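Asks: Sharing a structure with you now.
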Amino acid sequence: MSKFICKFSEALLNFCILFPNFALMIDTTLFQDKKAVYYTLGCKLNFSETSTIGRTLQEAGVRTARRGEQADICIVNTCSVTEQADKKCRQAIHRLVKQHPDAFVVVTGCYAQLKPEQVASIAGVDLVLGMDKKGELLEHLHSLEKRSHGEVLTIPAKDIRTFVPSCSQGDRTRFFLKVQDGCDYFCSYCTIPYARGRSRNGTIASLVEQARQAAAEGAKEIVITGVNIGDFGKSTGETFIDLIRALDEVEGIARYRISSIEPNLLTDEVIEFVAQSRAFMPHFHIPLQAGSDAVLRLMRRRYDTALFASKIRKIRSLMPHAFIGVDVIVGTRGEEEAYFEEAYRFIESLNITALHVFSYSERPGTQALKIEHKVSPQEKHSRSERLLALSEAKQHAFYARHIGGEAVVLLEKPKAGQSFHGFTDNYIRVEVSDPSAQDNALVRVQLGDFNEEGTALVGRIMNYEL
C-alpha cells in the first residue's frame, strides 16, 4: 500500500508540473496581481527548482517583480555546501528583507533543511520549507500576512521519501531536468545526505514526458541534473542507462548534457552510449575530489585514482574531442603536503579539460572533523591557486586545438550590451557578433581565435542548422 501511495504522490506532482493550470483546490485569488522576487544560491539543481517554483507562482497569478518594484513575496532557495555558503544565504535574506520590508519571505533549500530554527529566527523570515515541501509551496501560502517569527515546516532528512519533479528554463536558454535527488554515500566531508535526504528519483516514463513537454515549449537542450544522478533508479527499480536511452528518443531535443556523475557510476556502457547517441553531447563532469588514494580513503569516496584514470582513458578512446571537467577539493582534513603533491602530479597527468576547484570547509556533524591533521587557510589558498593555474593551461590548450575548425553552437541570449554566445557540442564557449544571431538557434560556425579576455573563441556564423 505504501508503494502505491508513493507512486500516486509522484504522479500527482508530475501532473502539477506538466499541467500547472489545474487548480488542485487551491484558492489562487490570494495571488492575483502579486509580485515576487527569487534568489537562488548553489547548484544547478537549486536553480532548476527555483524556476519551477516561479512557474507555479506565475500560473497562480504572481508575476516577477521588476527592478525597483516592491515585492509581495520573496523566495530564497539556499545552499549549505560550505560555511561560506551559509553566510551568503544569511546575507541574501537580510538584503531581501531590507529591500522588500513588507514581503512574505519564504526560505527553502539545504540551509533551511539543516538549520531551520536558525533561519526562522532571522528577522523578516515568515516561512521555512524543508526539502520535501518545495513542491507544496502554494499549499502553505494560505496567508501572506507577516509573522513575528518564522514558521518551520520540515521533517528529518532521513524521513524524506518524496521526489519533487522539476524541468524548467528560468531565464536561461537551456532547460534543466531534475531526474534524481538525495544521496546515500555519506562522504566524510559532506552534509548533502543530511540536507536532501536519501537517494530517490522519478520514473523514466514521467521524466520522458517532462522532456517532451520541454520540447513542445521550444527546448533544444536539456541538462540532466540531480544530486547523485548515476544512482538513478533506487526508488523505481530502473537504471541510469535506461533513462538516457529513453530520453535520447524524445523528438525535438537536439542536445542533452549530463551535469555530473560519480566516477564509480560512470559505467563503460554509459560512456559507449554517449559516444554513439543521437543527442547526448561529448561532455562529462566527473568529481575526483582528491588525487591521492590516501585522501580518497579519508573522504570515504568509493573509487581510487586508478579507476578514475581508467574512466578518462575510456572517454578519450571513444571521444577524443570530449570536454571533461573535474571537481577537486583542496585542503581537506588529512591532506598532508606530500598527499597534495601526489594529487597534483596525478591531475597533471590526466587528459582532462578543466578543473572546478573548491577549498575544504568544515561542516558540523561530518565525520571529517575526527581527522586530526588540518590545513591552514594560507596553504589552502596556495594549493587552490596552483590547481587553478593548471586548469587554465589545460582549458586554453583544449580550446586552441579547435581554432580553425567548424562546430555547431546553440546560441544563448546575452546580457545587455554583450555579444551572443553559446557552446559547441563539446562545451567550448563561443562568442558571436552577428546581427542575424538569435536566442536558442543552432548555428554552424567557423571557430576563430580567442576573444580579448581569453575566455571564449570567436565564431563566425556559416549557416543555421535545422
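The values are calculated or read from the model by the stated rules, or taken from the named source; none is laboratory data. All values reported here derive from a predicted model rather than from experimental measurement. Every residue, glycine among them, receives a Cβ derived from its backbone with ideal geometry; neighbour counts consider all protein chains shown.
Asks: I'd like to check something: does region 407-424 contain any residue that is within 30 Å of Asp304 (Cβ to Cβ) and either within 24 Å of the chain's Cα centre (by Cα) or assigned to a loop (DSSP other than H, G, I, E, B) (or both)? Working first, answer last.
Replies: Of the residues in region 407-424, the ones within 30 Å of Asp304 (Cβ to Cβ) are none.
No, every residue in region 407-424 fails to be within 30 Å of Asp304 (Cβ to Cβ) and either within 24 Å of the chain's Cα centre (by Cα) or assigned to a loop (DSSP other than H, G, I, E, B) (or both).
Asks: A further question on this structure: Condition (residue is closer than 22 Å to Phe31 by Cα, in contact (Cβ under 8 Å) with a residue 12 or more places away in the chain and in contact with a Gly (Cβ under 6 Å, 6 or more places away or on another chain)) applied to region 155-167: is it met by at least one residue?
Replies: Taking region 155-167 and keeping what is closer than 22 Å to Phe31 by Cα, we get 166.
Those left that are additionally in contact (Cβ under 8 Å) with a residue 12 or more places away in the chain: 166.
Applying the additional criterion that residues be in contact with a Gly (Cβ under 6 Å, 6 or more places away or on another chain) yields none.
Looking through region 155-167, none of the residues is closer than 22 Å to Phe31 by Cα, in contact (Cβ under 8 Å) with a residue 12 or more places away in the chain and in contact with a Gly (Cβ under 6 Å, 6 or more places away or on another chain).
Asks: If you go through region 140-157 one residue at a time, do you hit one that is closer than 22 Å to Gly61 by Cβ, of a type in the set (A, V, I, L, M, F, W, C) and surrounded by fewer than 23 Cβ atoms within 10 Å (Cβ to Cβ)?
Replies: yes
Asks: OK, next. Can you confirm whether Arg172 is surrounded by fewer than 21 Cβ atoms within 10 Å (Cβ to Cβ), closer than 30 Å to Gly252 by Cβ and basic (Lys, Arg)?
Replies: For Arg172, the condition - surrounded by fewer than 21 Cβ atoms within 10 Å (Cβ to Cβ), closer than 30 Å to Gly252 by Cβ and basic (Lys, Arg) - is met.
Asks: Spot the failing condition for Asn46; the list is (1) crowded, with 22+ Cβ neighbours inside 10 Å; (2) in contact (Cβ under 8 Å) with a residue 40 or more places away in the chain; (3) part of a helix (DSSP H, G or I); (4) not hydroxyl-bearing (Ser, Thr, Tyr), and only one is missed.
Replies: Here Asn46 meets the rest and fails (1).
Asks: Output the number of the condition that Ala120 fails; it satisfies all remaining conditions of (1) of a type in the set (Gly, Ala, Ser); (2) under 26 Å from Phe176 (Cβ atoms); (3) buried (at least 16 other Cβ atoms within 10 Å of the Cβ).
Replies: Among (1) of a type in the set (Gly, Ala, Ser); (2) under 26 Å from Phe176 (Cβ atoms); (3) buried (at least 16 other Cβ atoms within 10 Å of the Cβ), Ala120 violates only (2).
Asks: Here's something else I'd like to know. Suppose the filter is surrounded by 14 or more Cβ atoms within 10 Å (Cβ to Cβ) and either at pLDDT 95 or above or more than 19 Å from the chain's Cα centre (by Cα) (or both); does Cys74 pass it?
Replies: On the way: surrounded by 14 or more Cβ atoms within 10 Å (Cβ to Cβ): yes; either at pLDDT 95 or above or more than 19 Å from the chain's Cα centre (by Cα) (or both): yes.
Against the criterion (surrounded by 14 or more Cβ atoms within 10 Å (Cβ to Cβ) and either at pLDDT 95 or above or more than 19 Å from the chain's Cα centre (by Cα) (or both)), Cys74 qualifies.
Asks: If His402 passes every condition in (1) surrounded by fewer than 16 Cβ atoms within 10 Å (Cβ to Cβ); (2) farther than 30 Å from Ala214 by Cα; (3) modelled with pLDDT of 95 or more but one, which one does it miss?
Replies: Going through (1) surrounded by fewer than 16 Cβ atoms within 10 Å (Cβ to Cβ); (2) farther than 30 Å from Ala214 by Cα; (3) modelled with pLDDT of 95 or more one by one, His402 breaks only (1).
Asks: Would you tally the residues in region 411-455 being over 25 Å from Met319 (Cβ atoms), at pLDDT 90 or above and of a type in the set (Ser, Thr, Tyr)?
Replies: Of the residues in that region, 1 qualify.
Asks: Report yes if Glu249 is closer than 19 Å to Asp425 by Cβ and touching a helix residue (DSSP H, G or I) at 6+ places or on another chain (Cβ under 9 Å), otherwise no.
Replies: Values: closer than 19 Å to Asp425 by Cβ: yes; touching a helix residue (DSSP H, G or I) at 6+ places or on another chain (Cβ under 9 Å): yes.
Criteria met by Glu249.
One line per residue, one yes/no per condition, for (1) hydroxyl-bearing (Ser, Thr, Tyr); (2) more than 25 Å from the chain's Cα centre (by Cα); (3) farther than 19 Å from Ile224 by Cα:
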site	(1), (2), (3)
Arg278	no, no, no
Met281	no, no, no
His285	no, no, no
Gly291	no, no, yes
Leu296	no, no, yes
Arg313	no, yes, yes
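Asks: Another one. Working only within region 315-334, note down all residues that are surrounded by 16 or more Cβ atoms within 10 Å (Cβ to Cβ) and under 26 Å from Val295 (Cβ atoms).
Replies: Listed by number, the residues that qualify are Ile315, Phe323, Ile324, Gly325, Val326, Val328, Ile329, Val330, Gly331, Thr332, Arg333, Gly334.
Residue by residue, here is whether (1) aliphatic (A, V, I, L, M); (2) in contact with an Asp or Glu (Cβ under 9 Å, 6 or more places away or on another chain); (3) surrounded by 17 or more Cβ atoms within 10 Å (Cβ to Cβ) holds:
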site	(1), (2), (3)
Arg383	no, yes, yes
Leu390	yes, yes, yes
Ala397	yes, no, no
Lys413	no, yes, no
Gln418	no, yes, no
Ile428	yes, no, yes
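Asks: Name the single residue, out of those in region 151-209 being of a type in the set (Phe, Trp, Tyr) and outside any loop (DSSP other than H, G, I, E, B), that is farthest from Glu83 (Cα to Cα).
Replies: Taking region 151-209 as the starting set, the residues that turn out to be of a type in the set (Phe, Trp, Tyr) are 163, 175-176, 185-186, 189, 194.
Those still in the list that are outside any loop (DSSP other than H, G, I, E, B) too: 175-176, 194.
Values: Phe175: 29, Phe176: 27, Tyr194: 15 Å.
Among residues in region 151-209 that are of a type in the set (Phe, Trp, Tyr) and outside any loop (DSSP other than H, G, I, E, B), the one farthest from Glu83 (Cα to Cα) is Phe175.
Asks: With (1) crowded, with 22+ Cβ neighbours inside 10 Å; (2) touching a residue at least 60 places away in the same chain (Cβ under 8 Å) as the list, and Ala290 as the residue in question, which single condition is left unmet?
Replies: Condition not satisfied by Ala290: (2).
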